[in-house]
Structure formats: structure tokens, C-alpha cells
Amino acid sequence: MMKSLKKRSPLSDTNLLLLITIAVFFLMYLSAMIFIGRGFLRFQMFFNILNENAALIILSCGMSIVMITGGIDISVGKLTALICMSAAVNLDYQGGNVGTAILLSLAIGLAFGLVQGYLVAYLDIQPFIVTLAGMFFAKGMTTIVNSTQFNVENEAFQALKSTRIYVPGTGTVNRLGVYVPGYVEIGVLVALAVVILLFVLLRWTKLGRSFYAVGGNAQSANMLGINVKRTKFLAHLLCGLLAGIGGFVYFLHVGSGSPSHATGAEMNAIASSIIGGTMLTGGVGNIIGTFFGVLSLSTIKNIVSMLGLDDAWWTNITVAIMICIFLVIQSIVLLRKKSHSKKAA
């Protein structure tokens, strides 16, 4: 007796884009190991990508949340600079400690998320305009707090900044014959924890499903009983909180305050989200994809640098090409979705 074969349902848009992102990252990294070698053959190269981009991973996760709901937030870069400067001044000039610096960072992020979320969700102002204003406000406030660059000298902070988490079995022997163990910074653990928590939030909670529903079709979500305004507000509030966390992680990595910190971080966060499979139209995205989007963006920059093309315009051109490729892929996925919808009808 033959068993009836069930027709396999096609991959969802989110999972398909996630698979493409992961495949592209591993293909790029494997190609770099084969054709460039050098640092790419060492575990520490991968760890350094994580160390340098821990803050960007967190900022990109917040950006993805907002983009899934159909919005955007271009203030996160300047907000990061404001957080760094405020925390630095608190530690070195106001007698603060690491605890107060962390609380201050979270408070600033939440304040921006609260105000911007209210303006977008309840006053129905375009997210781009609101966050553009937030970007300029954060930029101005940073120079008001302090207009110069300076390194933080607080001993407790420096001890935390210098903390390394060593990964067994990943070290290398340097030219002097000394074994150097592979390590990651504390910020990497924070970033990985954020990725895991947000993955769980989006996949298994009512709020996470609401984000997708509102981004997919706000009118339909409203008919299903989802509070669209509150959902958009919470998305921006969460993005602000993550900007606070990411801002302090960035501060922990650089150890200084400067008005020029995190310049272009908002564009990198948007690019990472797009490469990771988050659609600008909303309703589609994956935090794991965003994580690999950040890794892909950093990897291609390292490849361009190791090929001797150190001029900034080569990096910008390469990133632009990557974004265009993934936008084309997203368009193809949308056409595929429409095709399946027509067949089902």
C-alpha cells in the first residue's frame, strides 16, 4: 500500500532570505581563506570581526525590529556618539562609576525611543522625518556635553574594557614562538545575548508576531485585534533601548568620548539589516539574518582592505554593490510570493 505524499510547502520569505544570507557569508569567508589566506586562516580574525562589530550587531538588531514593522530609525549612529560622550563625562568629570554610566546610557536610549516612538505611532509622523530630527538633536547634544575627544581614565572602566574572554583551542603561535590564545571582548557576549533574546521574542511571543503582522499589513493587523499604534511605539522603544545597550558596548570598545564616534553607524545598521534579509517594505526579517548581515558586511570590508584597496571609496562601492544585490534578491522573493499567491487563488 503506497503512502500518499504530502506536497512540501515552499520556504517562507524570512527563512529563504536567511538561508541566502548565511550562504553568502560562508561563501565569502571560505573564498577569503582560500584565495587570500593570511589572517582569515586564524580564529582570531573571526573573533576580531565580532569584537569590532559587537555594537553594530546590537544597533542592527534594533534597526531590524523597526524595519519589520515598516519603519526606520536613522538616529542610532549619533545617539551612540551621545551615549559615549555622556558616559565618558560621567566617569571622568562627574565622579561616576561603571554602574551609573550604564544606567545613563540606557536612560538616554530609552528617552529617544520613547519620544520618537510616540511621535511615529501616536502622532502618525513619518519615521524618517522623526528620526532625522532625532539624529540632528543627538549630534547637537553631543557637542554640548563635550566638544573634544578624550580617553577615559577611570580605573574600574579601564579594567572592564581590558577584560578578555579566552576561547580554548583557538590560539596561534606568533613569530616569537609565543602561544597567543583566541579571545573575545565582553561586548561580544552582550551582543550574542541580545541576538538570542530577540530571536526568541520574534519567534515565540505575541509581541514578536505583532511586529510582523503590523509590518506586513497594518490594516489587516488592526482587524485582527492588534493594537497597531502600541506595536509601532514598542518597536521604537525597543530600538532606543538597544541603542542604549549598543552605545555603551561601543563605548566599552573604544574607551573614549568623541563627537565623531559611530559616524555612519546608522547606514551600516540599515545595510546589515537589508543584507540579513529584512525587507524595507516591512513584515519580513530575521535577527539571525541580521547577525550574519553584520558579519558579511565586515568580511567584505576586510577582504577589500587585504586586497590593498584601502581607499574609502572602494569599500563604499563594494558595500553599495552588496546592498543592490540583496535588494534584487528581495525583489525576486516578492515576485515569487506573488506567483504563489496567484497559483493558490
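Please verify whether Leu197 is aliphatic (A, V, I, L, M), without any contact (Cβ under 8 Å) to a residue 40 or more places away in the chain and within 22 Å of Met67 (Cβ to Cβ), treating the condition exactly as stated. For Leu197, the condition - aliphatic (A, V, I, L, M), without any contact (Cβ under 8 Å) to a residue 40 or more places away in the chain and within 22 Å of Met67 (Cβ to Cβ) - is met. Within region 99-119, residues that are open to solvent by less than 50 Å² (accessible area, probe 1.4 Å) have Cβ atoms under 9 Å from residues that are basic (Lys, Arg) in these pairs: Gly117/Lys232, counting only partners at least 6 apart in sequence or on another chain. As a summary of the residue check, Val188 satisfies the conditions (1) at pLDDT 95 or above; (2) open to solvent by 60 Å² or more (accessible area, probe 1.4 Å) except for the one numbered (2). On inspection, Thr263 qualifies as modelled with pLDDT of 85 or more, open to solvent by 30 Å² or more (accessible area, probe 1.4 Å) and assigned to a loop (DSSP other than H, G, I, E, B). Selection of first residues in region 17-36 that are closer than 19 Å to Ser64 by Cβ and of a type in the set (Phe, Trp, Tyr) and of second residues that are open to solvent by less than 40 Å² (accessible area, probe 1.4 Å) and in a helix (DSSP H, G or I), restricted to Cβ pairs under 6 Å at least 6 apart or on distinct chains, gives the following pairs, ordered by first then second residue: Phe25/Phe292; Phe25/Leu295; Phe25/Ser296. Do you know which of the residues in region 166-211 that are of a type in the set (Ser, Thr, Tyr) and out of contact with any helix residue (DSSP H, G or I) (no Cβ under 6 Å at 6 or more places or on another chain) is nearest to Phe251 (Cα to Cα)? Filtering first and then ranking leaves Tyr183.
Considering each residue of region 103-122 in turn, at least one proves to be assigned to a loop (DSSP other than H, G, I, E, B) and within 17 Å of Thr231 (Cα to Cα).
Of the helices (runs of 4 or more DSSP H) lying entirely inside region 194-258, those containing at least 2 residues that are surrounded by fewer than 18 Cβ atoms within 10 Å (Cβ to Cβ), out of contact with any strand residue (DSSP E or B) (no Cβ under 7 Å at 6 or more places or on another chain) and of a type in the set (S, T, N, Q) are 218-223. Total residues in region 313-323 satisfying the condition of being under 21 Å from the mean Cα position of the chain (by Cα) and open to solvent by 80 Å² or more (accessible area, probe 1.4 Å): the figure is 2.
Among (1) closer than 20 Å to Leu252 by Cβ; (2) touching a Ser or Thr at 6+ places or on another chain (Cβ under 7 Å), which single condition is Ile57 missing? Result: Ile57 passes all but (2).
Checking the conditions here, which among Leu176, Leu160 is touching a residue at least 12 places away in the same chain (Cβ under 8 Å) and out of contact with any Phe, Trp or Tyr (no Cβ under 6 Å at 6 or more places or on another chain)? On inspection, the qualifying residue turns out to be Leu160.
Select from region 155-184 the residues that are open to solvent by less than 30 Å² (accessible area, probe 1.4 Å) and either within 29 Å of Tyr93 (Cβ to Cβ) or out of contact with any Pro (no Cβ under 6 Å at 6 or more places or on another chain) (or both) and list them in ascending order. Once the filter is applied, which keeps residues that are open to solvent by less than 30 Å² (accessible area, probe 1.4 Å) and either within 29 Å of Tyr93 (Cβ to Cβ) or out of contact with any Pro (no Cβ under 6 Å at 6 or more places or on another chain) (or both), region 155-184 yields Phe157, Thr170, Gly182, Val184.
If you filter region 120-134 down to residues that are over 18 Å from Lys78 (Cβ atoms) and touching a residue at least 40 places away in the same chain (Cβ under 8 Å), you find that the one that is least open to solvent (accessible area, probe 1.4 Å) is Ala121.
When the test is whether a residue is of a type in the set (S, T, N, Q) and under 25 Å from the mean Cα position of the chain (by Cα), Thr172 does not pass it. Test Val294 against the criterion of being at pLDDT below 80, assigned to a helix (DSSP H, G or I) and closer than 25 Å to Gly208 by Cβ, and give yes or no. Against the criterion (at pLDDT below 80, assigned to a helix (DSSP H, G or I) and closer than 25 Å to Gly208 by Cβ), Val294 does not qualify. Filtered by the rule that a residue be part of a loop (DSSP other than H, G, I, E, B), open to solvent by less than 10 Å² (accessible area, probe 1.4 Å) and not polar (S, T, N, Q), region 266-281 gives Gly276, Gly277, Met279.
Taking residues in region 135-154 that are crowded, with 17+ Cβ neighbours inside 10 Å, and partners anywhere that are at pLDDT below 95 and hydroxyl-bearing (Ser, Thr, Tyr), the pairs with Cβ atoms closer than 9 Å and at least 6 places apart or on different chains are Asn146/Tyr93.
The values are calculated or read from the model by the stated rules, or taken from the named source; none is laboratory data. Predicted model, so just to flag it, every value in this text is computed and none were measured. All Cβ positions, glycine included, derive from the backbone under ideal geometry; neighbour counts span all protein chains shown. These accessible areas exclude ligands, DNA and RNA; they are computed on the full protein's heavy atoms, side chains included. Shrake-Rupley method; radii C 1.70, N 1.55, O 1.52, S 1.80 Å.
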